[in-house]
Every structure is written in C-alpha cells, then in structure tokens.
1. So is residue 151 assigned to a strand (DSSP E or B) and more than 19 Å from residue 9 (Cβ to Cβ) or not?
2. Which of (1) touching a residue at least 12 places away in the same chain (Cβ under 8 Å); (2) more than 25 Å from residue 157 (Cβ to Cβ); (3) buried (at least 16 other Cβ atoms within 10 Å of the Cβ) does residue 101 not meet, given it meets every other one?
3. Please give the number of the condition residue 65 fails out of (1) closer than 24 Å to residue 200 by Cβ; (2) free of Cβ contacts under 8 Å to residues at least 60 places away in the same chain.
4. For region 29-46: of the residues being surrounded by fewer than 15 Cβ atoms within 10 Å (Cβ to Cβ) and out of contact with any helix residue (DSSP H, G or I) (no Cβ under 8 Å at 6 or more places or on another chain), which is modelled with the highest pLDDT?
5. Could you list, ordered by first residue, the pairs with Cβ atoms under 6 Å in which the first is in region 106-130 and over 17 Å from residue 189 (Cα atoms) and the second is part of a helix (DSSP H, G or I), at least 6 apart or interchain?
6. Return yes when residue 49 is touching a helix residue (DSSP H, G or I) at 6+ places or on another chain (Cβ under 7 Å), in a helix (DSSP H, G or I) and closer than 29 Å to residue 168 by Cβ and no when it is not.
7. Those residues that are touching a helix residue (DSSP H, G or I) at 6+ places or on another chain (Cβ under 7 Å), within 14 Å of residue 123 (Cα to Cα) and free of Cβ contacts under 8 Å to residues at least 60 places away in the same chain, I need them from region 165-200; list them, please.
C-alpha cells in the first residue's frame, strides 16, 4: 500500500465520533474527516493502543453513573455493571467505526521492538519542554476561583508520544487528532516524516 494513503487516527477522534453527544462540534469534524477518507482514497488505522484507551474511557463513563450504581446492592455487582456495561458499549461503538470500511485494525503480525520504542519515547519526552500554567479552574476537583490559585506543568503525554511512534512504525503519512498536546511533536526528528494534524473546532 502507498504510504501516503494510510492515516493514523488518534483516540480523541474516534471518541468524538462514537460519543457524539458529548461534544457536537468535535463530532461533526470527526464525522466529516472519517467519512471523507474513502473519497480521498485513504485508509485509517485503529491501533491496539487506541482500543485500550477507548475501553478505559467507557469504563470511566459507566463508573460515573452514580444513581444506578447506588441502587445496586453489593460492590461485586456494581463492578460487574461497570465492566459488562463498558464491554457492551465498546463492542457496539468499535463496530460503528469499522462499518466505515476505510478503518482497519493494526496489523497483528507487526514485529515491534518494545525496548527500542520505549527508549525512543523516553528520549522524546525528555526533550519536550511543555509549559507552566497558572489556572483558575481545577478539572480534578471542580474548584473554580476568580483568581489564579494553582499551577501545573502541561506537556505532551507519554501515550501520545507512543501513538506517534506507532504511526511512524506503521508507515502512516499522517496522524490526525484533536489533542493540542501533539503540536509539540511536529518538529521532533524521531517522529518525522510523520505529519501531525490537530483538528480544531470552530470558536
């Protein structure tokens, strides 16, 4: 296959597509992009790493269903509700993606050197500077104030670095994402010639 015809799709794009009600603007962009791949003569990779992240997000979603969980008696039954519910959603939603026909799984026979990949990821992460931000809002606890009350270091995540290395290993010509953290990887020599495209919803 021509390398230019293969696109690595980040987890954020798949999640925006299959959980459209969470963010209608991102859903519209993801839908147009994914459904437009065929007309552009492209195919897209749904990697094992993306599948793991999708499953983790679905488990998180089910675990936040406090009202239902509170009505279930016993922790084991509550856990079963989360695990089984997430699995059912996972199978249904991944099926939706695969119905697009331009989406294919990561090759099962790929011979990856995990030691080298993890070393490259460590070297890249070590080279990333990121930025320090003062913030008014804590997404963890939900606290919001009129004055800046805490600081945080923002940098590309290790999983995103691995996504990029996988995309290069799979001979993809581009990686498409909603995650702005990927911007920092564009000039990274260990990632090039992979092109990274960050889709941005209209303001």
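The values are calculated or read from the model by the stated rules, or taken from the named source; none is laboratory data. Since we're looking at a predicted model, the values are computed, not measured. Positions of Cβ are generated from backbone atoms using ideal geometry, with glycine treated the same way; all protein chains shown enter the neighbour counts.
1. Yes: the conditions hold for residue 151.
2. With respect to (1) touching a residue at least 12 places away in the same chain (Cβ under 8 Å); (2) more than 25 Å from residue 157 (Cβ to Cβ); (3) buried (at least 16 other Cβ atoms within 10 Å of the Cβ), residue 101 is out only on (3).
3. That leaves (1) as the condition not met.
4. Filtering region 29-46 for residues that are surrounded by fewer than 15 Cβ atoms within 10 Å (Cβ to Cβ) and out of contact with any helix residue (DSSP H, G or I) (no Cβ under 8 Å at 6 or more places or on another chain), the one modelled with the highest pLDDT comes out as 32.
5. Correct list of pairs: 106/48.
6. Spelling it out, residue 49 is indeed touching a helix residue (DSSP H, G or I) at 6+ places or on another chain (Cβ under 7 Å), in a helix (DSSP H, G or I) and closer than 29 Å to residue 168 by Cβ.
7. In the first step, residues of region 165-200 are kept if they are touching a helix residue (DSSP H, G or I) at 6+ places or on another chain (Cβ under 7 Å); the result is 165-166, 171, 173, 175-179, 181-182, 185, 188, 190-191, 194, 196, 198-199.
This time we only want the ones that are within 14 Å of residue 123 (Cα to Cα), so: 165, 185, 188, 190-191.
Passing the criteria: only 165.
Yes/no matrix, rows are residues, columns are (1) modelled with pLDDT under 90; (2) outside any helix (DSSP H, G or I):
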| site | (1), (2) |
| --- | --- |
| 82 | no, no |
| 91 | no, no |
| 96 | yes, no |
| 110 | yes, yes |
| 121 | no, no |
